[in-house]
Amino acid sequence: RAKAAGRGTFRFCEPAMDAAIAERNVLELDMREAVRLGEFELHYQPIIDLATDTASGFEALMRWHHPVRGIVSPADFIPLAEETGLVVPLGTWALQEACREAAAWPGDLRVAVNVSAVQFAEPGLEHCVISALAASGLPPNRLELEITESVLIGDVESVTACLHRLRAFGVRIALDDFGTGYSSLSYLRRFPFDKIKIDRSFIREIADADTAAIVRAIVGLGERLGASITAEGIEDEAQLTRVRREGCTEAQGYLLSEPLPAADAYKFAFAKKNVAAA
Ligand code: C2E
Ligand code: MG
Ligand code: MG
Ligand code: MG
């Protein structure tokens with residue numbers, strides 16, 4: 001009886017695990033096809049300069065138009081793309097696409113592209129960046145690479161050497177999702193970032209005095225280190241007012257604009273409208 005129950009329990013779990021693995025395999029196969037079928041698209045979210053209240057650039061964010069599932073979020077497919085290595089060809093495509101698009105915008109606007117730690121572990125990244133710039137004609141200082149601390153966990157020496165070479169070439173480097181990792185401060189010592197992006201978990205809680213004090217401290221750090229500070233995930237006026245008061249230099253979030261399809265980003269880029277006049 002006990003044995004039967006034990007087996008029953010085991011059998012109950014097993015199909016669920018099988019199903020999860022099968023689901024993952026199907027998604028992986030779909031993803032391989034998707035690159036070939038052109039189901040990936042970049043959307044561009046405006047980044048607002050708080051000194052002028054106009055866009056200083058856009059962050060390229062990947063979208064997957066799955067024929068059956070509809071739009072799949074990068075939060076769901078990027079981790080799988082990283083595990084399978086597919087993020088390398090996908091990232092190469094994103095760099096080429098984003099540079100090509102940004103080359104058509106007015107001359108002072110930048111494009112920020114997210115780069116995964118897996119791409120840094122491959123030898124081809126620098127070549128990929130340089131050839132995307134060459135093919136598009138985009139000046140290097142209009143390209144910003146957004147990296148997270150996970151990039152610096154692997155072979156720190158070779159990654160920082162690569163970052164220094166890219167920076168010497170003129171490409172800007174931003175530290176994304178700042179404050180969510182384990183030892184954020186030590187990374188600031190290892191590499192001179194051009195920009196620090198404060199994770200939206202801090203912005204969500206910025207009405208809280210202690211959280212606001214942390215944001216203010218990050219702004220102070222940025223000033224000392226010569227890095228600009230972007231507040232991510234601004235969803236309401238109160239948050240915008242608060243990040244202004246704490247001295248953030250740029251803001252990004254649904255209040256200012258959602259990520260836009262390329263054609264809408266293009267219009268936005270030329271409209272030069274004051275989006276954050278509040
Ligand atoms: P991230 O680089 O931190 O990008 C910001 C995310 O916050 C985006 O989610 C954006 O749509 C979302 N967001 C912007 N404003 C708001 C807001 O006001 N409220 C809230 N709740 N969210 C906001 P998305 O597009 O789903 O991308 C998620 C993550 O996937 C990105 O986080 C990035 O880590 C990764 N990702 C996206 N595109 C790429 C890519 O081309 N390559 C790589 N390696 N990773 C990418
Ligand atoms: Mg980012
Ligand atoms: Mg971020
Ligand atoms: Mg993120």
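Structure notes:
- Residue count, the stretch 136-193 (criterion: among the acidic types (Asp, Glu) and away from ligand 3 (no atom under 16 Å from the Cβ)): 2
- VAL151 being at pLDDT below 95, within 16 Å of ligand 1 (Cβ to nearest atom) and part of a helix (DSSP H, G or I): yes
- One residue alone among VAL159, VAL219, VAL215 is farther than 24 Å from ILE130 by Cβ, within 16 Å of ligand 1 (Cβ to nearest atom) and among the aliphatic types (A, V, I, L, M), and that residue is VAL215.
- Strands (runs of 3 or more DSSP E) wholly inside the stretch 1-111 containing at least 3 residues that are modelled with pLDDT of 95 or more: 40-49, 54-66
- When the stretch 115-145 is filtered for residues that are in contact with a strand residue (DSSP E or B) (Cβ under 7 Å, 6 or more places away or on another chain) and closer than 12 Å to GLY91 by Cα, the ones remaining, listed by number, are VAL115, LEU145.
So that you can scan it fast, the table gives a plain yes or no per residue for (1) open to solvent by 20 Å² or more (accessible area, probe 1.4 Å); (2) touching a Pro at 6+ places or on another chain (Cβ under 8 Å):
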{"position": "ARG36", "(1), (2)": "yes, no"}
{"position": "TYR44", "(1), (2)": "no, yes"}
{"position": "VAL68", "(1), (2)": "yes, no"}
{"position": "VAL72", "(1), (2)": "no, no"}
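- Taken across the stretch 129-140, residues that are within 15 Å of ligand 1 (Cβ to nearest atom) and buried (at least 17 other Cβ atoms within 10 Å of the Cβ) do occur, with at least one present.
- Qualifying residue in the stretch 149-172 (condition: within 16 Å of ligand 4 (Cβ to nearest atom) and either touching a residue at least 40 places away in the same chain (Cβ under 8 Å) or closer than 22 Å to ILE48 by Cβ (or both)): no
- Among the residues examined, ALA168 does not qualify as open to solvent by less than 60 Å² (accessible area, probe 1.4 Å) and more than 13 Å from ligand 2 (Cβ to nearest atom).
- Filtered by the rule that a residue be within 17 Å of the chain's Cα centre (by Cα), within 18 Å of GLY226 (Cβ to Cβ) and in a loop (DSSP other than H, G, I, E, B), the stretch 154-179 gives a lone residue, VAL171.
- Within the stretch 141-155, tally of residues that are surrounded by fewer than 19 Cβ atoms within 10 Å (Cβ to Cβ) and away from ligand 2 (no atom under 13 Å from the Cβ): 4
- Condition met for ALA117 (open to solvent by 30 Å² or more (accessible area, probe 1.4 Å) and within 15 Å of ligand 4 (Cβ to nearest atom)): yes
The values are calculated or read from the model by the stated rules, or taken from the named source; none is laboratory data. Only a predicted model underlies this, so the values are computations on that prediction, with no experimental measurement involved. Every residue, glycine as well, gets a Cβ built from its backbone with ideal geometry; the counts of neighbours run over all protein chains shown. Note: accessible area is taken over every heavy atom of the protein model, side chains too, but ligands, DNA and RNA are not part of it. Shrake-Rupley method; radii C 1.70, N 1.55, O 1.52, S 1.80 Å.
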